[in-house]
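To start, I am sharing the structure in question, which I have written as C-alpha cells.
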Amino acid sequence: MTRVRGNDYRVLEVPELGSWTPRMSVSVIIPAYGGQDKLDLVLEAIEKQSYPAHLVEVVVVDNGSAPPLRAPSWAKLIVCESPGRAAARNAGLAVASGEVIHWLDSDVVLTPRAIEAHMRWHHLAPYLVVTGYIRFTSAPAPARLPGDLESAFEPAEPHAWIVDLVERSDGLTANPTRPFSLHVGGATSVNAALVAAAGPMDEELILGQDTEMGYRLAQAGAVFVPEPQARAYHLGPTMRMRDKAPIDRVSHATVADRIPAYRWLRSHPGRQWKVPFVEAVVRADEGGYEDVRATVDALLAGTVPDVSVTLVGPWDVLDRDRRAPLKDPALDLVLLQGHYAHEGRVRLSVTGDVDPAVPYVLRLPAGWTPGEDSLARLLDIAKDEGQGLVNVLLSESGEGVVTARLERTAAFARARVVLEPGEELDDAVDAVFGVRWVEGETYGFARQARVPLGRRGAYRARTEAQAEAAKLRAEVERLRGQVDRWREESGKWRRSTVELRREVGTLRRQLAAAGRVQQGLRAALTASVRRALRRRA
C-alpha cells in the first residue's frame with residue numbers, strides 16, 4: 001500500500017478521467033428538507049454520471065418534509081424524523097452499503113464526471129477524504145437539467161475560503177495545520193471504513209458538524225485531497241454566505257469543546273475542555289505515591305494548561321472496606337486515589353485508553369518531572385516539523401533506557417492502517433509522519449520531585465516579573481534620554497568645531513597678510529638704508 005507522508009498525497013498516481021477501470025461502490029447520501037424541484041435536478045445529474053451506475057447507490061433522506069419528498073425507483077428514499085442535517089446524514093449512513101460514502105446536499109448539482117473524479121482517488125488508498133470544487137450560482141433553477149451546466153449556471157462564485165486554504169498550503173501538502181476544514185458536507189467523499197473508525201456526525205452540535213467530523217476523520221488517519229475536476233454547482237448561496245458572522249458565533253461556541261486544533265477558540269488560560277489538547281498517561285502502579293504525585297503535579301503546573309492526566313492502575317481491585325490502612329499493600333494507590341479524587345484534570349483508568357479525539361498523548365514514567373515549558377517545547381517540535389512521534393531520552397544505563405513519548409494520535413492511526421506484517425508500529429509512524437529523538441535534560445526533564453508554582457506563588461512571580469519589566473523599561477527610557485542628550489551635545493561640538501575652523505582660517509589669512517606687509521616694510525627699509533649709505537659715500 002502506498003504511504004502518504006503527512007498530507008502530501010502527490011505520491012499517489014491518480015489516473016486520467018476515462019482511462020481506468022472502476023471497481024469500488026459508492027453510496028451518495030442526500031439529506032433533504034423540502035425543495036423537490038432542486039432535488040429533482042440533483043438526482044438527474046447523478047443519473048448522468050460517467051461512473052458506472054451499478055456501482056452507485058443513492059440514499060435520499062427526507063428530514064420531515066411536508067409534503068413528503070419523491071425519488072425515482074433507482075434511489076433509496078428513507079424518512080428521518082429527528083430534525084437536523086447531522087441526524088439525516090446519520091440515518092442515511094446507517095442504511096448505506098457502499099465502500100465509499102459521498103455526502104451531497106440536496107441543492108448541489110454535480111458535473112457529469114464529478115463522482116468519477118472522486119472515486120479514482122479512493123481506488124489508490126483506503127484513508128482518503130476527497131472534496132470537490134463547488135461554485136455558487138444565482139441563476140434560477142431550470143425545470144430540467146440543461147446539457148451544458150456551465151452555460152446555464154455561470155457566472156458563479158467559487159467556494160472562496162476553500163480555494164484560499166488550498167492555495168496558501170500548496171494544495172494542502174505543506175504541513176497544513178487544519179486540513180480537516182476541507183471536509184464539507186456539500187460534495188465530499190470518504191472511505192466507509194474511515195467513517196466507521198471516526199464515528200458518525202455529532203447530532204448534539206447545532207452547527208459545524210461537517211468540520212467536527214472532519215477533525216475526527218483526521219484523528220483516524222485521513223489524508224485530505226482537493227479535487228478540482230470534481231466540480232459542482234450550488235443552486236443559490238449557502239446559509240454561511242448570507243449570515244457568516246452569526247453562524248460563526250453559534251458554531252464557535254460549541255466546536256471549541258470538541259476541536260482542540262482550534263487554538264484561538266481556547267484562549268482562556270485555565271478552563272477545561274471536553275477534548276483536551278494533550279492527554280498525559282502515567283503508570284500509577286510503577287512508582288510510589290510521592291513519585292507519581294510529583295509527575296502529575298508538574299504536568300498540571302506547566303505552561304500548557306490544556307492538558308489532562310490519566311493515571312493507569314488496578315483501581316478496580318482496591319478494597320473499599322479497609323481496616324488497617326497503614327498495612328495495606330496498595331496504600332500508595334489508595335493515597336493517589338484519594339488525593340486526585342476531586343481533580344477534574346486527573347482520570348483514574350484501568351486500561352489507559354485515551355479518547356481518539358485527543359490530538360497528542362504524552363507517555364511519561366512516574367518520578368520524572370517536566371519543567372514548566374517542557375511539554376510546550378515538545379509540542380512545538382511535533383507541530384512545526386509535522387512529527388508523528390517525539391521520543392525523549394530521560395536516562396541510559398546498564399539497566400536499560402528510560403524514555404518519554406509524545407505521540408500524535410493521527411499519525412499512529414494512519415500507521416496502523418498501512419502497517420505491514422511484522423513491522424514495528426514506530427517504524428510505520430516514521431514513514432507516514434516522522435520520528436524525532438531529543439535529550440530529556442535539554443528539554444527540562446528531571447528525576448526529582450519539584451514543588452509546582454502555586455497560585456499565590458505564580459501571582460507573586462508574575463508581579464515581580466512585571467515590576468522588573470517596568471524597571472527595565474524605565475532604564476531603557478533613561479538611556480534613550482541620555483543618548484538624546486549625547487546626540488545634542490555632539491551636535492553642539494560639531495557646530496563649535498566648524499566655528500573654530502572658520503576662526504583659524506581667518507587668523508591664518510590675517511597672519512599671511514601681516515607677513516606680506518612685514519616683508520614689504522623690511523624690503524623698503526633695506527632700500528632706504530642702502531640709498532642713505534650711497535649718499536654719504
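Just to be sure I understand the filter: pairs with C-beta atoms under 8 Å, separated by 6 or more residues or on different chains, first member in the stretch 57-77 and of a type in the set (Ser, Thr, Tyr), second member open to solvent by less than 10 Å² (accessible area, probe 1.4 Å). Which pairs pass?
Taking only residues 6 or more apart or on different chains, the pairs are 65/32.
While we're here: From the residues in the stretch 384-400 that are in contact with a strand residue (DSSP E or B) (Cβ under 8 Å, 6 or more places away or on another chain) and either modelled with pLDDT under 90 or outside any strand (DSSP E or B) (or both), which one is surrounded by the most Cβ atoms within 10 Å (Cβ to Cβ)?
Among those residues, the one meeting the criterion is 388.
Could you please give the count of residues in the stretch 85-117 that are over 21 Å from residue 200 (Cα atoms) and not small (Gly, Ala, Ser)?
9
Suppose the filter is within 16 Å of residue 184 (Cα to Cα) and either of a type in the set (D, E, K, R) or surrounded by fewer than 24 Cβ atoms within 10 Å (Cβ to Cβ) (or both); does residue 84 pass it?
The answer is yes for residue 84.
Among the residues of the stretch 219-240, is any outside any strand (DSSP E or B), among the charged types (D, E, K, R) and open to solvent by 10 Å² or more (accessible area, probe 1.4 Å)?
Yes, the conditions are met somewhere in the stretch 219-240.
For residue 185, work out the one condition from (1) more than 14 Å from residue 132 (Cα to Cα); (2) part of a loop (DSSP other than H, G, I, E, B); (3) at pLDDT below 90 it doesn't fulfil.
Residue 185 satisfies all of (1) more than 14 Å from residue 132 (Cα to Cα); (2) part of a loop (DSSP other than H, G, I, E, B); (3) at pLDDT below 90 except (1).
Collect the residues in the stretch 95-119 that are within 20 Å of residue 60 (Cα to Cα), open to solvent by 30 Å² or more (accessible area, probe 1.4 Å) and touching a strand residue (DSSP E or B) at 6+ places or on another chain (Cβ under 8 Å), keeping them in residue-number order.
Matches in the stretch 95-119: 95, 97, 99, 107.
Let me ask you something else. Give the residues of the stretch 60-114 that are in a helix (DSSP H, G or I) and in contact with a Gly (Cβ under 8 Å, 6 or more places away or on another chain), sorted by residue number.
Once the filter is applied, which keeps residues that are in a helix (DSSP H, G or I) and in contact with a Gly (Cβ under 8 Å, 6 or more places away or on another chain), the stretch 60-114 yields 85, 89, 114.
Same structure, new question: Residue by residue through the stretch 120-137, note down the ones that are assigned to a loop (DSSP other than H, G, I, E, B) and open to solvent by less than 10 Å² (accessible area, probe 1.4 Å).
125, 127
Sticking with this one: Would you confirm whether any residue within the stretch 43-55 is in a loop (DSSP other than H, G, I, E, B), without any contact (Cβ under 8 Å) to a residue 60 or more places away in the chain and either polar (S, T, N, Q) or closer than 24 Å to residue 201 by Cβ (or both)?
no
Out of all the residues in the stretch 7-29, which are surrounded by fewer than 17 Cβ atoms within 10 Å (Cβ to Cβ) and not in a loop (DSSP other than H, G, I, E, B)?
10, 11
Still on this structure, please answer the following. Name the pairs: first residue in the stretch 387-400 and under 30 Å from residue 175 (Cα atoms), second residue of a type in the set (Ser, Thr, Tyr) and outside any loop (DSSP other than H, G, I, E, B), Cβ to Cβ under 9 Å, at least 6 apart or on different chains?
Close Cβ pairs satisfying both conditions: 391/403; 392/374; 392/403; 393/403; 394/403.
Among the residues of the stretch 260-312, write down those that are hydroxyl-bearing (Ser, Thr, Tyr), surrounded by fewer than 19 Cβ atoms within 10 Å (Cβ to Cβ) and not in a loop (DSSP other than H, G, I, E, B).
Across the stretch 260-312, the qualifying residue is only 289.
Taking the criterion of being among the aromatic types (Phe, Trp, Tyr), open to solvent by 30 Å² or more (accessible area, probe 1.4 Å), at negative phi and in contact with a strand residue (DSSP E or B) (Cβ under 8 Å, 6 or more places away or on another chain), would at least one residue in the stretch 70-78 satisfy it?
The answer is yes, given that some residue of the stretch 70-78 is among the aromatic types (Phe, Trp, Tyr), open to solvent by 30 Å² or more (accessible area, probe 1.4 Å), at negative phi and in contact with a strand residue (DSSP E or B) (Cβ under 8 Å, 6 or more places away or on another chain).
Another one. If you go through the stretch 247-265, how many residues are closer than 25 Å to residue 303 by Cβ and either of a type outside the set (D, E, K, R) or at pLDDT below 90 (or both)?
10
Quick check on my filter: what residues within the stretch 158-173 are touching a residue at least 24 places away in the same chain (Cβ under 8 Å) and open to solvent by 10 Å² or more (accessible area, probe 1.4 Å)?
Within the stretch 158-173, 158, 159, 163, 166, 171, 173 meet the criteria.
Do we have residue 150 as more than 25 Å from residue 194 (Cα to Cα), outside any loop (DSSP other than H, G, I, E, B) and either open to solvent by 10 Å² or more (accessible area, probe 1.4 Å) or in contact with a strand residue (DSSP E or B) (Cβ under 8 Å, 6 or more places away or on another chain) (or both) here?
Yes: the conditions hold for residue 150.
Filter the stretch 196-216 for residues that are assigned to a loop (DSSP other than H, G, I, E, B), open to solvent by 20 Å² or more (accessible area, probe 1.4 Å) and touching a residue at least 60 places away in the same chain (Cβ under 8 Å) and give the result.
200, 202, 203
Continuing with the same structure: Would you tally the residues in the stretch 66-96 being under 11 Å from residue 28 (Cα atoms) and either in contact with a helix residue (DSSP H, G or I) (Cβ under 9 Å, 6 or more places away or on another chain) or modelled with pLDDT under 95 (or both)?
5
Can you tell which of 448, 510, 519 is at pLDDT below 85 and open to solvent by 90 Å² or more (accessible area, probe 1.4 Å)?
Testing whether each residue is at pLDDT below 85 and open to solvent by 90 Å² or more (accessible area, probe 1.4 Å) leaves just 448.
So residue 381 ticks every box in (1) buried (at least 18 other Cβ atoms within 10 Å of the Cβ); (2) not in a loop (DSSP other than H, G, I, E, B) but one. Which box is left unticked?
Result: residue 381 fails condition (1) only.
Now for a different question. Among all residue pairs at least 6 apart or on different chains, which show Cβ distances below 6 Å where the first residue, located in the stretch 108-137, is among the basic types (Lys, Arg) and the second is open to solvent by 10 Å² or more (accessible area, probe 1.4 Å) and in a strand (DSSP E or B)?
What qualifies is 135/156; 135/158.
Can residue 117 be described as part of a helix (DSSP H, G or I) and closer than 17 Å to residue 53 by Cα?
yes
The values are calculated or read from the model by the stated rules, or taken from the named source; none is laboratory data. What you see is a predicted model; the values in this text were computed from it and never measured. Using ideal geometry, Cβ is built from the backbone for each residue, glycine included, and neighbour counts are taken over all protein chains shown. When the accessible area is computed, the model is the full protein with side chains, heavy atoms only, and any ligands, DNA or RNA have been set aside. Shrake-Rupley method; radii C 1.70, N 1.55, O 1.52, S 1.80 Å.
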